[in-house]
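The values are calculated or read from the model by the stated rules, or taken from the named source; none is laboratory data. The structure displayed is predicted, hence computed values, not measured ones. Cβ placement follows ideal geometry from the backbone for every residue including glycine, while neighbour counts extend to all protein chains displayed. SASA here: full protein model, heavy atoms, side chains in, ligands and nucleic acids out. Shrake-Rupley method; radii C 1.70, N 1.55, O 1.52, S 1.80 Å.
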Amino acid sequence: MLQGFLNRANQDKPVYLCQVRDAFIRAGQLPFTCRVTLYDGTARHFPLPLPPFAEGEESAFVAAYLHASLYNILSALGAVRIDLYLDMAHPPLRRLAESVNEVFQTALPKSQRTGYGKCLNVNERILRALRGGGEPFRFCLHDASEEPASPPPQPARTAGGVFAKLPAAAADKLVMGMDVGGTDIKLVASVCGELKVFKEYDWFPPAFTTAEEMIDPLLLLTRVMRAAASLAAAGREDQMDRAALDRHAALQDMLHGAEAMERAAGTALRNFDAIGLSFPDVVIRNRIVGGESPKTVGMRDNKAIDYEVQLSKLTGLSSRLEAYVRPGGPVLIVNDGPMAAFTTAVEQAAIGRSMTAGFFAHTLGTDLGTGWVLPDGSIPEIPLEVYNFIVDLGSFPQRRYEAGDVRSVNNFGTHLPGTLQKYAGQSGVFRLAAKELPHKSPALWQAALDRGFFVWQGDQLSVPVEPNDLRKPCLEFLMEQASQDETCAGIFRQVGEALGACWAETEYILSPEAKDRTLFGRLVKDAACFRLIREGAQRMVPGLRLYTADGSLANTTLMKQLARHPDYTVAQFAQAVGAVFYACLPLV
């Protein structure tokens, strides 16, 4: 069995983690159980039986399987501690278990961790936010004879009516929704059930070297929105400073505009009843705690500051925003993936779709995003960094390329091989095109080269991002060819296979009530590409139900107003409107 997996890996074929796990569970003779103590004190047991293995390639493969399994659990659920139960009298098995603390670099400071250790950085920040510190995370080893009984399964949650109640909760209030992205920020203000104020602001957070550079614009934007919304609520929209609300307004122009509108509002200036905010990082209890995303790379690389101190300032953003809500008014922040799922759940509930299983969605764009909303409208307080899941233990030849090379299976941030980042999003399409087209469709490959979509920089192959960013045109070119060229069609089927592997991992680790998946993003907007992705996913998981989110998601009154707006679209501002509804959760 192990040699079969290794042969596939050396032949540059994927060896999906879920298939290895299934084989190991069927044939595993060596007991190995992972007991995860979660943030709320409850425990989950994950049986990971292992087959007998020889030293060398077999031992390395089994170790990679174990490390990937632990890494995915930590990336999804996080943990206070993980206890490993095994046959301590089995020397090779014991050595494998004893290496885990070193592999995950538990004893190193966050700034020195690489690879597998990166997930512990996020985990430790969450522990600090939830528990105020305490004992550091660790792996603990025990003999299998000491393993406690598995806890009983949790009963399924069957609520779901909250989503339909949220539009009415926003109907008589002043609520702001903010969608923070990597290249721009979008804001809306709902004034007694009407979208009265819109604002866009372009920014590039990876260039920021201090927390203030990120926080100050968010606070200023909120101040501008409050002043404009107050004027709208008083029936004085004509006194809004349109220059300050313009997308291209500089920070100084926005400050002057906010001051002018505040003076004009006078005693009519009022704080929001609630603020909802979507942010592209791990968020736990309204606190931004991840700190390992590309958005904060400028701060991480700034050697003149203490990064953890700077990140703690960003973590406290919700407290800073409380100055702009009425006393006791909620300020709710959530990751952008769950916000997309939440927004869709509200819109689906508005037309009577049952949400008793909650909602689980993925976005397939530049990266793979994930959103999970529980039936009661809440969002699990876990990292949920699914794009970091390791799903492929094979494809050995593609590991030799640097992460920035489109042919590489190595993660951009952690440099670990086989993560969904290089399989289920835009990067996966580019990687597979560079792998498959030169040999199977050389004419199509040459056409892509002639258009400049793939270029050589020394011995590294890339899709240019400057002076012109060709990633989107390159993806559109490959998507157009998917219905005409069988090799290109196979690329999107392989993306679907990776999504099937993703479903298997989320099912194994998270066990969500929602078994189907709704897909958003550029990769599924083309009907032919979605069909191919679905074929590939069902080849991996027969019967898997995948749906694509189309343009008919505007069902609530606010979203219909957005759909009718002459200047703004649902595609642009949907999550900002969703943030309005999310902010109203405590008000229903």
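Taking Q446 as meeting all but one of (1) closer than 30 Å to L70 by Cα; (2) open to solvent by 10 Å² or more (accessible area, probe 1.4 Å), write down the number of the exception.
So the condition that Q446 fails would be (1).
Run M355 past the list (1) open to solvent by less than 10 Å² (accessible area, probe 1.4 Å); (2) more than 24 Å from R285 (Cβ to Cβ) and report the number of the one that doesn't hold.
(2)
Based on what the data block shows, is A349 at pLDDT below 95, in contact with a helix residue (DSSP H, G or I) (Cβ under 8 Å, 6 or more places away or on another chain) and buried (at least 23 other Cβ atoms within 10 Å of the Cβ)?
So A349 passes the test.
With (1) over 23 Å from H415 (Cα atoms); (2) open to solvent by 60 Å² or more (accessible area, probe 1.4 Å) as the list, and A107 as the residue in question, which single condition is left unmet?
The one condition A107 does not meet is (1).
When S278 is evaluated against the numbered criteria (1) modelled with pLDDT of 95 or more; (2) among the small types (G, A, S); (3) open to solvent by less than 40 Å² (accessible area, probe 1.4 Å), which criterion, by number, is the only one it fails?
(1)
Which helices (runs of 4 or more DSSP H) sit wholly inside the stretch 495-588 and have at least 3 residues that are within 16 Å of G369 (Cβ to Cβ) and either open to solvent by less than 20 Å² (accessible area, probe 1.4 Å) or small (G, A, S) (or both)?
Those helices (runs of 4 or more DSSP H) span 570-583.
Of the residues that sit in the stretch 379-405 and are of a type in the set (G, A, S) and either touching a helix residue (DSSP H, G or I) at 6+ places or on another chain (Cβ under 8 Å) or open to solvent by 30 Å² or more (accessible area, probe 1.4 Å) (or both), which one is modelled with the lowest pLDDT?
Applying the filter and picking the extreme gives G404.
Return the total of residues in the stretch 180-200 being part of a strand (DSSP E or B) and either at pLDDT below 95 or open to solvent by less than 30 Å² (accessible area, probe 1.4 Å) (or both).
14
Taking the stretch 123-141 only, how many residues are in a strand (DSSP E or B) and more than 14 Å from V36 (Cβ to Cβ)? Break it down into steps so the answer makes sense when it comes.
Let us first name the residues in the stretch 123-141 that are in a strand (DSSP E or B), namely 139-141.
Then drop every residue that is not more than 14 Å from V36 (Cβ to Cβ), which leaves 141.
Residues flagged as in a strand (DSSP E or B) and more than 14 Å from V36 (Cβ to Cβ) within the stretch 123-141 amount to 1.
Would you confirm, using the coordinates I've provided, whether G276 is of a type outside the set (D, E, K, R), in a loop (DSSP other than H, G, I, E, B) and either free of Cβ contacts under 8 Å to residues at least 24 places away in the same chain or in contact with a Gly (Cβ under 6 Å, 6 or more places away or on another chain) (or both)?
The answer is no for G276.
Identify, by number, the condition in (1) modelled with pLDDT of 95 or more; (2) open to solvent by 20 Å² or more (accessible area, probe 1.4 Å); (3) over 23 Å from the mean Cα position of the chain (by Cα) that L174 doesn't meet.
(2)
Restricting to the stretch 550-579, what's the tally of residues that are over 29 Å from T222 (Cβ atoms) and under 21 Å from the mean Cα position of the chain (by Cα)?
1
Working only within the stretch 21-50, note down all residues that are of a type outside the set (K, R), assigned to a strand (DSSP E or B) and open to solvent by 10 Å² or more (accessible area, probe 1.4 Å).
L30, T33, T37, A43, H45, P47
For the list (1) closer than 18 Å to V577 by Cβ; (2) open to solvent by 50 Å² or more (accessible area, probe 1.4 Å); (3) among the β-branched types (V, I, T), I need the number of the one condition that T366 fails.
For T366, the exception is condition (1).
Mind listing whichever residues of the stretch 382-418 are assigned to a strand (DSSP E or B) and under 18 Å from G536 (Cβ atoms)?
D392
Applying the selection to the stretch 248-262, what residues are assigned to a helix (DSSP H, G or I) and open to solvent by less than 30 Å² (accessible area, probe 1.4 Å)?
Across the stretch 248-262, the qualifying residues are M254, G257, A258, M261.
Here is a list of conditions, (1) free of Cβ contacts under 8 Å to residues at least 40 places away in the same chain; (2) part of a helix (DSSP H, G or I); (3) open to solvent by 10 Å² or more (accessible area, probe 1.4 Å); (4) closer than 23 Å to R21 by Cα, and H67 meets all of them except one; can you say which number that is?
Tallying (1) free of Cβ contacts under 8 Å to residues at least 40 places away in the same chain; (2) part of a helix (DSSP H, G or I); (3) open to solvent by 10 Å² or more (accessible area, probe 1.4 Å); (4) closer than 23 Å to R21 by Cα, H67 fails exactly one: (1).
Considering (1) over 27 Å from C502 (Cβ atoms); (2) at pLDDT 95 or above, say which one I82 fails and leave the rest.
(1)
List the pairs whose first member sits in the stretch 300-325 and is under 26 Å from R270 (Cα atoms), whose second member is assigned to a helix (DSSP H, G or I) and among the hydroxyl-bearing types (S, T, Y), and whose Cβ atoms are under 8 Å apart, counting only residues at least 6 apart or on separate chains?
Listed pairs, sorted by first residue: L314/T296; L321/T222; Y324/T222.
Scan the stretch 499-531 residue by residue and report those that are under 11 Å from T548 (Cβ atoms) and β-branched (V, I, T).
Residues satisfying the conditions are T518, V524.
Out of (1) over 24 Å from G328 (Cα atoms); (2) out of contact with any Phe, Trp or Tyr (no Cβ under 9 Å at 6 or more places or on another chain); (3) surrounded by 15 or more Cβ atoms within 10 Å (Cβ to Cβ), what's the single condition that is false for L245?
Tallying (1) over 24 Å from G328 (Cα atoms); (2) out of contact with any Phe, Trp or Tyr (no Cβ under 9 Å at 6 or more places or on another chain); (3) surrounded by 15 or more Cβ atoms within 10 Å (Cβ to Cβ), L245 fails exactly one: (2).
Regarding L432, is this residue under 29 Å from I509 (Cβ atoms) and either open to solvent by 30 Å² or more (accessible area, probe 1.4 Å) or within 21 Å of the chain's Cα centre (by Cα) (or both)?
no
When you check R270 against the structure, is it under 18 Å from V175 (Cα atoms) and either part of a loop (DSSP other than H, G, I, E, B) or touching a Leu at 6+ places or on another chain (Cβ under 6 Å) (or both), yes or no?
yes
How about the stretch 6-20: which of its residues are open to solvent by less than 30 Å² (accessible area, probe 1.4 Å) and out of contact with any Ser or Thr (no Cβ under 8 Å at 6 or more places or on another chain)?
L6, Y16, C18, V20
Just checking, does the stretch 47-61 include any residue being modelled with pLDDT of 95 or more and farther than 23 Å from L30 by Cβ?
no
Name the single residue that is least open to solvent (accessible area, probe 1.4 Å) among those in the stretch 320-338 being in a helix (DSSP H, G or I) and at pLDDT 95 or above.
Filtering the stretch 320-338 for residues that are in a helix (DSSP H, G or I) and at pLDDT 95 or above, the one least open to solvent (accessible area, probe 1.4 Å) comes out as L321.
Could you check how many residues of the stretch 482-491 are more than 17 Å from R534 (Cα to Cα) and buried (at least 16 other Cβ atoms within 10 Å of the Cβ)?
1
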